[in-house]
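Below is one structure, written out as structure tokens; the observations come after it.
The values are calculated or read from the model by the stated rules, or taken from the named source; none is laboratory data. Given the structure is predicted, the values throughout are model-derived calculations rather than measurements. Cβ atoms come from the backbone with ideal geometry, glycine included; neighbour counts cover every protein chain shown. Ligands, DNA and RNA are excluded from the accessible area calculation, which covers all protein heavy atoms including side chains. Shrake-Rupley method; radii C 1.70, N 1.55, O 1.52, S 1.80 Å.
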Amino acid sequence: MKAMKLLFALVLFLNTSLLLANPDIQHWQTANGARVYYVPAPELPMIDVRVVFDAGSARDGDKPGLAMLTNSLLDEGTATQNANQLAETFEGVGAEYGASSLRDMAVTSIRSLTEAAAMKTALDTFAAVLATPSFPKKPFQRNRKAMLLGLQQEQQEPGSLASKAFYKALYGDHPYGSHSSGSEASLKAMRREDVQAFHRQYYVARNAVIAIVGDVSRRQAEAIAEQLTTKLRVGERAADLPAVAALEKASLQRIRHDSQQTHILVGQPGMRRGDADYISLYVGNHILGGSGLVSRISDVIREQRGLAYSAYSYFAPMRENGPFTMGLQTKNAQADAALKLLGETLRDYIDKGPTEDELKRSKQNITGGWALRVDSNKKITEYVAVIGFYGLPLDYLDTFTDKVEAVTVKSIKDAFKRRIHPDKLVTVMVGGEK
């Protein structure tokens, strides 16, 4: 066992140049309808598997927090093993289990050596976690209590308050407007049966995407996909989410909080995954506020005026239009001035666009750093799962840098003018008195 752990540790530190630069993504479906995306990676004796369900908090319905609570309980016990036994089984073969819950998706993952006995144990256990979680009563109560304590802690964090209010202001009653961590009322009313019903509906084969990257053949990958899904109910894919409505007017929400700093978030619904304007908006935002201290927003607000330590902007594309967000934190007395300057910077950018020199430097930064974003099997697995979940082209990774190089100042100006509306932005400010 020590040798196995040593091997596992060694492969993690192997030179990343051994890994694939342009992964060949192969796609098929399992017998019960799960969508599989596989990339052979024979350089390292290990496998990364990511199983993603359309079961994020957008599926909470009238029970905010249900998706996150369900996801957190998957490895608390199965039909044959309790939480400690599951952890010991994974650890005993050097496997790493992971899970997380986002607005669109519920994510589960396993990383294992491909040595036959170790991989079989890891995948058998992973399959049981996915298909037959027992949702024991005590862990249910413990995790629900932890989420309630988390909500209390969020009340003391201005950044969390701002984010929660921002999403509600952007999306209203749309499923994206619900707080992923839930509400006190919802969590207190939640029952173990709610978690079981959520799992029964959404953790099913037809609602699953499996990404496999590693030192296994196509035939082995097909067998692994069947192994992971054979005990899942067939079920149905989750229904389409409603479209996100565009904002009709600007709004400003000030939330008083005992703090020396004011957190400011400004934005609107932005774009969805696979959006035709994605690359132009992505590159354009890299110049505007997505490239750290050298971005336009940071230069104007931090370097030129000294109004904030950090200021930024980003798009978060999702199944439906995810948010376009600009943000900063500043002294309470400077909040209005910083907000005004943030708005002026955006308007100027939309009106004039980036300079040719800004665009050139941005392209160099994005394409130059691209290799580091796909320099491990784990990172490739994450990308492949996103490609499968959102139905992106299988050559997405191959063509990304070429598409970035094709972006022009004109295409950025055109995309920002059509998609970003400075007169209809949501603004949330959380801070103390001036």
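Points worth noting:
- Using θ = phi - 60° in the Karplus curve 6.51 cos²θ - 1.76 cosθ + 1.60, the 3J(HN,Hα) couplings for region 125-137 round to 5, 4, 4, 5, 4, 6, 9, 10, x, 9, 6, x, 5 Hz; x is entered for Gly and Pro.
- Inter-centroid distance (Cα atoms) of region 127-192 relative to region 71-103, Å: 20
- Inter-probe distance in nm under a simple model that places probes 7 Å from Cα toward Cβ, at E157 and K120: 4.4
- Exposed loop sites, defined as chymotrypsin sites (Phe, Trp or Tyr not before Pro) outside DSSP H, G, I, E and B with at most 15 other Cβ atoms within 10 Å, are absent from the longest region of the chain, namely 14-308.
- Reported label for calculated mean projected area of the Cα convex hull in nm² given (i) 19.9; (ii) 21.1; (iii) 22.9: (ii)
- Under-18-angstrom lysine pairs by C-alpha in region 116-274, whenever the two are 8 or more apart or on separate chains: 6
- Counting only alpha carbon atoms, the long axis of helix 377-390 and the longest principal axis of the chain meet at about 80°.
- If the chain linking E226 and Q364 were pulled fully straight, counting 0.36 nm for each residue of separation and taking away their Cα-Cα distance, it would gain 45.4 nm.
- Placing pseudo-labels 7 Å out from each Cα toward the beta carbon at E248 and W28 gives an inter-label distance of 5.2 nm.
- The largest accessible area among E356, E382 belongs to the first residue in E356, E382, and the rest follow in falling order (1.4 Å probe, all chains).
- Adding -39500 (n - 2.57) for every DSSP H run of four residues or longer, then dividing by how many residues the chain holds, sets the calculated 222 nm ellipticity at -13000 deg cm²/dmol.
- Extension reserve of the A239-S310 stretch, reckoned as 0.36 nm per residue once the Cα distance is removed: 21.6 nm
- Under the Karplus curve 6.51 cos²θ - 1.76 cosθ + 1.60, θ = phi - 60°, whole-Hz ³J(HN,Hα) for region 199-209, x wherever Gly or Pro sits: 4, 4, 7, 9, 8, 10, 4, 5, 9, 10, 10
- Acute angle (nearest 10 degrees) that the helix 218-229 long axis makes with the longest principal axis of the chain, alpha-carbon atoms: 90
- For region 260-349, the pair-distance distribution built from all alpha carbon pairs, in bins 10 Å wide starting at 0, is 19, 49, 26, 7, 0 percent.
- Trypsin sites (Lys or Arg not before Pro) lying in DSSP loop within region 195-290, provided at most 11 other Cβ fall within 10 Å: K249
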